[in-house]
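Working notes for the structure below.
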Amino acid sequence: MELDPKIKQFCDKKLQDLFSEKYWQKQIEKKEKIGNTDHLYTKEDARMAFVCHSVTIRNGQLIDELYTRAVKVCCPHLEVIKIGKKEFKISPEAVTIAATSQSDKNILGNNLPYGRAVKVKGKDKTAQIDLLTYDRKEKILSAYEIKRGGGQHDSGKQESIVQTFFQINFLLKSYGEKVKKLKVKKAKTYVISDMNRNLFSPEFKYFQVFGRDINKHFKSKTLRQNIDLANKYFTESFRKGFLKIKKKAFELLTNEL
């Protein structure tokens with residue numbers, strides 16, 4: 001199995017400026033301008049710390065795109081529905097019910113009308129959906145948040161994410177019908193933990209899909225393999241670039257000694 005050229009190009013794009021001397025110099029100038037250069041690090045150490053921090057963020061962004069592309073290729077029974085980052089509006093009713101009744105799993109069966117948004121600081125409250133799929137045969141609309149799953153959220157963050165899942169779930173069926181003009185029998189909301197870490201306390205495990213289980217969840221024989229292939233390419237490309245800056249840092253240190 002070979003990596004799709006478009007996915008390979010996307011992987012390269014995520015890494016293209018990470019090891020650039022010009023790009024790093026811009027980061028130094030930004031820090032110096034606002035006066036937040038970290039005194040703990042030499043310039044070489046600071047660069048390695050910056051690269052390590054940045055690459056985890058970029059890998060998370062990469063995984064979002066990988067799932068979208070891989071589902072399109074590997075799951076012909078599913079339609080990937082395009083949705084903007086700030087398109088999905090959250091209504092006042094959804095906010096209230098999610099905040100007061102999330103201990104009751106049965107409220108997930110509630111469907112609220114989509115369209116009205118609660119205002120937060122004068123702006124419509126929206127929720128980001130990383131992946132939205134529609135099973136044409138079963139008439140099931142599913143919304144996903146995709147996370148690397150390498151670490152665990154604190155309790156406050158968990159509560160916020162769970163509330164958002166409830167809010168989306170209440171409105172998703174109506175959204176599919178009104179906005180996307182789909183026939184929707186069921187609407188479901190999930191979070192994918194690509195690296196298989198438990199992201200929530202046990203009572204909310206029904207929201208979570210582990211990365212190791214995505215072939216079964218999406219009814220595909222090759223989805224996991226395609227994502228792994230892309231991650232392997234990204235990881236190998238990162239390590240080659242990172243090795244170069246480590247060697248340069250070591251050479252500078254050796255010369256100083």
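Given a 1.4 angstrom probe, I'd like the percentage of the accessible area of region 184-257 that is carbon and sulfur, rounded to a whole number. Write down the numbers at each step before the final one.
Working: 2580 of 4730 Å².
Carbon and sulfur together cover 55 percent of it.
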- Note on the structure: Karplus-derived 3J(HN,Hα) from phi for region 122-128 (6.51 cos²θ - 1.76 cosθ + 1.60, θ = phi - 60°), whole Hz, x at Gly and Pro, runs x, 10, 4, 6, 10, 10, 8
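Mind checking the full-extension length gain between residue 205 and residue 49? Use 0.36 nm per residue of separation minus the Cα-Cα distance, one decimal, nm.
On the way: separation 156, 0.36 × 156 = 56.16 nm, distance 3.38 nm.
Full-extension gain reported as 52.8 nm.
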- Item | Distance histogram in 10 Å bins (all Cα pairs of region 110-257, percent per bin) | 9, 29, 28, 17, 9, 5, 2, 0
- Would you grab the residues whose amide H sits under 5 Å from the one on residue 188? Only those 5+ places off in sequence or on another chain, please, with H modelled 1.01 Å from N. 141, 142, 143
- Share of Cα-Cα pairs in the chain beyond 23 Å, whole percent, is 60 percent
- Note on the structure: Between the modelled labels at residue 29 and residue 180 (7 Å from Cα along Cα→Cβ) the distance in nm is 4.4 nm
- Query: Karplus couplings for region 234-242 from phi (6.51 cos²θ - 1.76 cosθ + 1.60, θ = phi - 60°), rounded to Hz, Gly and Pro as x?
  - Reply: 4, 5, 5, 5, 4, 5, 5, x, 5
- Task: Calculate for the chain the 222 nm mean residue ellipticity that helices alone would give, adding -39,500 (n - 2.57) per DSSP H run of length 4 or more and normalising by residue count, nearest 500 deg cm²/dmol.
- Result: -17000 deg cm²/dmol
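Across every pair of different alpha-carbon atoms, what Kirkwood hydrodynamic radius in Å does region 1-145 reach? Working shown, then result.
Values: mean 1/r = 0.0514 Å⁻¹.
One decimal place: 19.5 Å for the Kirkwood radius.
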- Highest average packing first - 132-144, 63-75, Cβ atoms within 10 Å: 63-75, 132-144
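The values are calculated or read from the model by the stated rules, or taken from the named source; none is laboratory data. Because the structure is predicted, anything quoted here is derived from the model rather than measured. Glycine gets a Cβ as well: all are built from the backbone with ideal geometry, and neighbour counts include every protein chain shown. All accessible areas refer to the heavy atoms of the entire protein, side chains included, with ligands and DNA or RNA removed. Shrake-Rupley method; radii C 1.70, N 1.55, O 1.52, S 1.80 Å.
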